[in-house]
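The values are calculated or read from the model by the stated rules, or taken from the named source; none is laboratory data. Source: prediction; values computed, not measured. No Cβ is skipped: glycine too gets one built from the backbone with ideal geometry, and neighbour counts run over all protein chains shown.
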Amino acid sequence: MDLDLTKEQGFIKSSAREFLKKECPVSTVREMRDDPEGFSRNVWKKMAVLGWQGIMIPEEYDGMGGDFLDLALILEAMGEVCCNGPFFSTVALGAAAIIQWGTEEQKKELLPQISKGNLILSLAVAETHQWYGLDGIQTTLTDTGQDLVLNGAKLFVENAHISDYILCVAQGPGEGLSVVMVDPRSPGVQCSPLNTFAYEKQCSATFHNVHIPRANILGTLGAMREGLEGLQEFAALAKCLETVGVIQAAFEQSVEYAKSRKQFGRAIGSFQAIQHHCANMVVDVDGARLISYQAAWRVAQGLPASVEISMAKAWTGEAAKRVTALSHQIHGAISFCDEFDLHFYYRKAKACETAFGDVQYHLDKTADRLGLV
Amino acid sequence: MEFQFTEKELAFRAELEEFIKSALPPDWQERARSWPGGYGAMEYDSEQDRKDAESFKQKMVDEGWFTVSWPKEYGGRGLSNMEQAIYFERTSYYRAPSLNIATAIMGPTILQIGTEENKEDWVPGIAKGEIEMWLGYSEPDAGSDLASIRTTAVREGDEYVLNGQKIWSSLAHASNYGWVIARTDPDGHRHRSVSIIVVDNNTPGVAIRPLINIIGVHSFNEVFFDNVRVPARNLIGQENMGFYYLMTALDFERLIVNIGAFKHGLEMLCGYVKRTERGGKPLGADPHVRRKLAEIAARVEIAYLFYWRTATLLDQGKIPSVESSALKLVTTELSRMLANASMEILGPYSMLMDPAQGAPMNGMAPRGYLDCISATIGAGTSEIQRNIIATRGLGLPSK
């Protein structure tokens, strides 16, 4: 058993941290929250030069040929600065889906463009009246014989407004779920950003008689449930890694603050009450990292990881709420101010929890796997 | 990064598991009632249990498992820390009566820091299971603040004369020697005036008084020393170095957290839920029950990861003081969580103590609910562990 990063993994992580600290420190969230696009195209291009968008794309499609752990380390570093923008939806969702389900033509056409930073993707699953998971999807895909027609409305489509393709999950044709790639500029598509808690560009997207060419079908029509479940698990784990970064940063800042902030003539970190808050954060942060790395390692090895992912998502979700709340407690009133960055971590921690299944949802999945009935 | 055992570790694990299964009585799982993380049920409920535990121990001695972690020249296999971790994990999972602190802590400590005379005197007897020791650390006024001990040992010729009192001395009545820390230099520095001396329980002036714990079990004792004369050769290592040796001894304690018992406890509770219906519905369909069990499953996983992390750090030659504090903290808090959940899930039936009167899960839940109180107090309270993490780990100032 070896719980340390390899030299290469350590390099990915430290260089990612360095790059992000310089190019999009946490204050970027504030700068970008009112920006219509929500991210800097300049930084996006630089990420592509580093090979980030193609981190998991095989070398034959101009990617870096890395595994899930490599992606995980970048996401962890992004969590440390609460990085918003189209990386998650393009790479952890879009590229992952195309690598897994794309035809040879689709891969040849799309993956090199993703690697170069020329494509932005998003995934549309959730709908009003729906909960986590894939049940209750009412968006329909019908087969006219010639092409396919998409109708419905989606919520929480991150970056839909700037996407080149929305990967849309729909019911049909007939029984079963399908995934199609929708060009948001097609007639009948409307996207508008939602005002959301952590300032990502989550959008609503409506599809009214949108014609989808057959070339834009991803995977097998009507047979995508299992694949989507896998993709959602994968995305849940990716969110765990992001969360680990979020709480690592909040924790580090809190310890630093405890050492420097003086009250009653001494550093507040010398008070046992504060020390114990910090010690509890250590347990939560280290535990979140270990359980997430374990699951990521299993995914990278191609081993079954469903239960590990659900446990990781449940634990990190709870841990993140505890850690970020304690961070605010240690920082005191200043942390309640918009000008102070800490609330971005508090927001991001909760947003990561609600993405791809919250604590309760993943505890229930864990319970399923304990075979209680 | 590698979250799996090597081939060699897997083979060791399989060999050990085969031994444990063959050497334990077939109905041991129904009888073993220790609670993960608790210190209160070390003593056995019945004469039969005690006999079976003795016979298991003898089999371990006979088949080379008793000192398996020791260096090869002393009859062990020179296991890596990871293999030792596997050893403790499997034995605690099966709740095998294997934890003998003389073998796990005192033997290896003497081998590391003892004089040649110490090794001759104590090591063979410990290896055969003939010498069993109790830990004489805590005193009435020296609990978390161990450096305040007041028991004294004064050198007179070839002897030390001990006076003072120890408390929370687990199984002192069932062992034959005490591993006692006493102040040997009354004017010295708090940490450089204490020595470790082995005391024969049968020496005149040693009085052992039972303390019955809240489960009703005699696990603790108070031990009084009234002018107890001990041969000077029973001094372990050098005089006044006791605190440093105690730290060495602690290194051998880091993996003794009964980790496997937590997995066993979770499985026991899941087993009960699977077999039980409530209000005509399977209990396993109750959302509250499901959530509790899943939370515990995730915590058990976290505890295991902290455990393996401690073992890998030890194998890297590092001293995982902060990491093992985190391990102690996580496992013992889990002990309480598991007990709380067991009681909640059993509801009114959690009040039944006696399996013969229909107590579910062999009456383990209410016993565990009592026993878990000791988990977060013994061997360094949760507060002390948090202090260690904060000051040694994070460098937070102490003043």
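Here are a few things to note about the model shown:
- Residues that are free of Cβ contacts under 8 Å to residues at least 40 places away in the same chain, hydrophobic (A, V, I, L, M, F, W, C) and closer than 24 Å to A:Ser306 by Cα within segment B:283-329 comprise B:Ala285, B:Ala294, B:Ala297, B:Ala298, B:Val300, B:Ile302, B:Leu305, B:Phe306, listed in sequence order.
- Which numbered condition B:Met353 fails, given (1) assigned to a loop (DSSP other than H, G, I, E, B); (2) within 14 Å of chain A (Cβ to nearest Cβ): (2)
- Filtered residue count, segment A:187-214, keeping only those that are touching a Leu at 6+ places or on another chain (Cβ under 9 Å), farther than 23 Å from A:Lys350 by Cβ and not in a strand (DSSP E or B): 3
- Selection within segment A:187-246 - among the small types (Gly, Ala, Ser) and farther than 30 Å from A:Leu73 by Cβ: A:Gly188, A:Ser192, A:Ser204, A:Ala205, A:Ala215, A:Gly222, A:Ala223
- Only listed residue being out of contact with any helix residue (DSSP H, G or I) (no Cβ under 6 Å at 6 or more places or on another chain), more than 9 Å from chain B (Cβ to nearest Cβ) and under 16 Å from A:Gln248 (Cβ atoms), chosen from A:Ala273, A:Ala325, A:Ala320: A:Ala325
- Any hit, segment A:282-294, residues being of a type in the set (Gly, Ala, Ser), farther than 25 Å from B:Phe5 by Cα and assigned by TED's automatic domain parsing to the domain that holds A:Gln360: no
- Once segment B:206-246 is narrowed to residues that are in contact with a helix residue (DSSP H, G or I) (Cβ under 6 Å, 6 or more places away or on another chain) and either polar (S, T, N, Q) or assigned to a strand (DSSP E or B) (or both), the residue that is surrounded by the fewest Cβ atoms within 10 Å (Cβ to Cβ) is B:Ile208.
- Filtering B:Gly107, B:Gly64 for residues that are in the same structural domain as B:Pro26 (by TED's automatic domain parsing), free of Cβ contacts under 8 Å to residues at least 60 places away in the same chain and in a loop (DSSP other than H, G, I, E, B) leaves a single hit, B:Gly64.
- Within segment A:10-35, residues that are surrounded by 13 or more Cβ atoms within 10 Å (Cβ to Cβ) reach partners that are part of a helix (DSSP H, G or I) and hydroxyl-bearing (Ser, Thr, Tyr) with beta carbons closer than 8 Å, at six or more positions or on different chains, in the pairs A:Val26/A:Tyr345.
- Residue pairs whose Cβ atoms lie under 7 Å apart, sitting 6 or more positions apart in sequence or on different chains, and linking a residue in segment B:2-28 that is under 13 Å from B:Ala96 (Cα atoms) to a partner that is among the hydroxyl-bearing types (Ser, Thr, Tyr), are B:Leu16/B:Tyr87; B:Ile20/B:Thr91; B:Ile20/B:Tyr94; B:Leu24/B:Tyr94.
- B:Glu130 falls short of the stated requirement of being more than 27 Å from B:Glu30 (Cβ to Cβ) and in contact with a helix residue (DSSP H, G or I) (Cβ under 6 Å, 6 or more places away or on another chain).
- Top-ranked residue of segment A:174-194 - restricted to ones that are within 17 Å of A:Asp164 (Cβ to Cβ) and among the charged types (D, E, K, R), ranked as surrounded by the fewest Cβ atoms within 10 Å (Cβ to Cβ): A:Arg185
- In summary, helices (runs of 4 or more DSSP H) completely within segment A:31-149 and bearing 1 or more residues that are within 15 Å of the chain's Cα centre (by Cα) and either of a type in the set (Val, Ile, Thr) or closer than 25 Å to A:Glu242 by Cα (or both) occur at A:68-80, A:96-101.
A quick yes/no check of all residues on (1) in contact with a Phe, Trp or Tyr (Cβ under 8 Å, 6 or more places away or on another chain); (2) modelled with pLDDT under 95:
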{"site": "A:Gln263", "(1), (2)": "no, yes"}
{"site": "A:His276", "(1), (2)": "no, no"}
{"site": "A:Ala279", "(1), (2)": "no, no"}
{"site": "A:Arg289", "(1), (2)": "no, no"}
{"site": "A:Trp297", "(1), (2)": "yes, no"}
{"site": "A:Ser310", "(1), (2)": "no, no"}
{"site": "A:Ala314", "(1), (2)": "no, no"}
{"site": "A:Ala320", "(1), (2)": "no, no"}
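- Any hit, segment A:299-314, residues being part of a helix (DSSP H, G or I) and without any contact (Cβ under 8 Å) to a residue 24 or more places away in the chain: yes
- Filter result for the condition that a residue is within 21 Å of B:Ala182 (Cβ to Cβ), among the β-branched types (Val, Ile, Thr) and in contact (Cβ under 8 Å) with a residue 40 or more places away in the chain, over B:Ile86, B:Ile167: B:Ile167
- Boolean, B:Ile86 is more than 14 Å from chain A (Cβ to nearest Cβ), among the β-branched types (Val, Ile, Thr), surrounded by 17 or more Cβ atoms within 10 Å (Cβ to Cβ) and out of contact with any Gly (no Cβ under 9 Å at 6 or more places or on another chain): no
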